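Inspection log for the structure reproduced underneath, given as structure tokens.
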Amino acid sequence: MRDSKGREIDYLRLSVTDRCNIRCIYCMPESGIPLVSHDDVLSVDETVQLSGIIMKAAGVRKVRITGGEPLVRKGLLDIVRGVSGHCPEELVLTTNGLLLCSMARQLAEVGIERVNISLDSLRDDRIRSIARRDVSLKDIEGAVVSAFEAGLDPVKVNCVVMRNINDDEIVEFIRWGGETGVTVRFIEHMPSMLSDDTFVSRDEIIESASVLGEIVRQNDEGTAGIYSVKDTGQTFGIIAPFSDPMCSSCSRIRLSALGILYSCLAEEEGVSLIELLRSDSGDEIIIELVRETVMRKPDSHSGCVRVKMWRIGG
Ligand code: SAM
Ligand code: SF4
């Protein structure tokens, strides 16, 4: 459906858990997140049912499964199978990759078409200090290979660029993307518990990349601007929520694992649908609330993005 600004809202980001097996410095507190009671989380069947109602109400055509880390969610394959049964035109997933080797094939079998994998450095010591867990480049390269072998391609790798943490790796990342066959996408850091000085802008990313040659902008892909190195043809993406917000073409709504629907990443409150779903008051009232949520989607995030990404899925 179209929102009040005429934007077509057809993309649901479905967070299936707010738990994670690592603790990225820009996303989660080191001690983890406040525990919520199991009863407050949508069950597998409720997740499938509610996503189906939302998809029908808004006319959703694309679903991205996210988290927290979606691969730690018990019953994930049943969720994916159920959501796939609602026949989205695209069903994709974002993961940190750590459990992908053992799950890629099964995910493809139940309906996942593509994956995005997060990786913020190519150096093991940095990967470990960003993830605050024992993760290595080999683990993520293994995930990339598994994704290709399972047919979950094209594979995109997302890298949050942070000043004095990994911003000297842009060129290396673009080269690594060429070698491994993935599309690397650099993400501007959104305010988190890290200092605001961590922010590196799109233009700074382009400037770093220009060591490889002249950088030319290609067509946009969703929220990512796509760029290429003119002489070599190597491509990479930049997701720039601040330098290039793309709010005017945003097509997303988000459902958290707690059953809260958000119309924007910057929205603090959202509308809770879990009780209505459990109260058996019928789909109509939920459909109405979904449509109201879409209609009040803000024009833009106005730079007020300081959200719990592990809750609503980045
Ligand atoms: N756990 C999965 C993963 O890391 O890919 C999926 C959920 S994670 C919240 C989704 C995306 O949000 C990841 O690519 C992550 O790098 C990004 N993200 C999290 N916090 C961010 C922040 N403060 N700024 C920019 N991107 C962020
Ligand atoms: Fe976990 Fe993804 Fe957040 Fe990293 S970005 S802590 S992998 S949810």
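Rule-based calculations on the coordinates, nothing more; no lab input. Note that this is a predicted model, so its numbers are computed, not measured. Don't worry about glycine lacking a Cβ; one is built from the backbone with ideal geometry, like all the others, and counts go over all protein chains shown.
Summary of values
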| read-out | value |
| --- | --- |
| Distance violations [Cα-Cα > 25 Å] among Lys62/Lys297; Lys56/Lys297; Lys156/Lys230; Lys5/Lys156 | Lys5/Lys156 |
| Order of Thr47, Thr17, Thr180 - criterion: other Cβ atoms within 10 Å of each residue's Cβ, fewest first | Thr180, Thr17, Thr47 |
| Summed residue charge, Cβ within 9 Å of Thr17's Cβ, Lys/Arg positive, Asp/Glu negative | +1 |
| The chain: DSSP helices with Cα axial extent of at least 20 Å and average Kyte-Doolittle hydropathy no lower than 0.0 | 44-58 |
| Lys74, Lys297 arranged by Cβ crowding within 10 Å, fewest neighbours leading | Lys74, Lys297 |
| Ranking of Ser129, Ser118, Ser15 by count of other Cβ atoms within 10 Å, fewest first | Ser129, Ser118, Ser15 |
| Theoretical gain in end-to-end length, Arg175 to Arg2 [0.36 nm per residue, Cα-Cα removed] | 58.3 nm |
| Computed magnitude of the charge dipole of the chain (debye, nearest 20; Cβ of K, R +1, Cβ of D, E -1) | 240 debye |
| Structure-based [θ]222 nm, the chain - -39500 (n - 2.57) summed over DSSP H runs of at least 4, per residue, nearest 500 | -9000 deg cm²/dmol |
| Label-reachable residues, the range 74-109, where backbone N falls under 16 Å from a point 7 Å from Ser37's Cα toward its Cβ | none |
| Highest to lowest packing among 220-233, 157-170, 134-147, scored as the average C-beta count within 10 Å | 157-170, 134-147, 220-233 |
| Ile65 long-range amide H proximity, modeled H, under 5 Å | Leu14, Val92, Leu93, Thr94 |
| Charge dipole of the chain about the Cα centre (unit charges at C-beta), most positive-ward option of Gly259, Met28, Leu194 | Gly259 |
| Theoretical FRET efficiency, 1/(1+(r/R0)^6), r = Cβ-Cβ of Asp45 and Arg123, R0 45 Å, to 0.05 | 0.55 |
| The chain, relative contact order [Cα under 8 Å, separation at least 6], % | 23 percent |
| Computed label-point distance, nm, for sites Thr232 and Arg217 using a 7 Å Cα→Cβ extension | 2.3 nm |
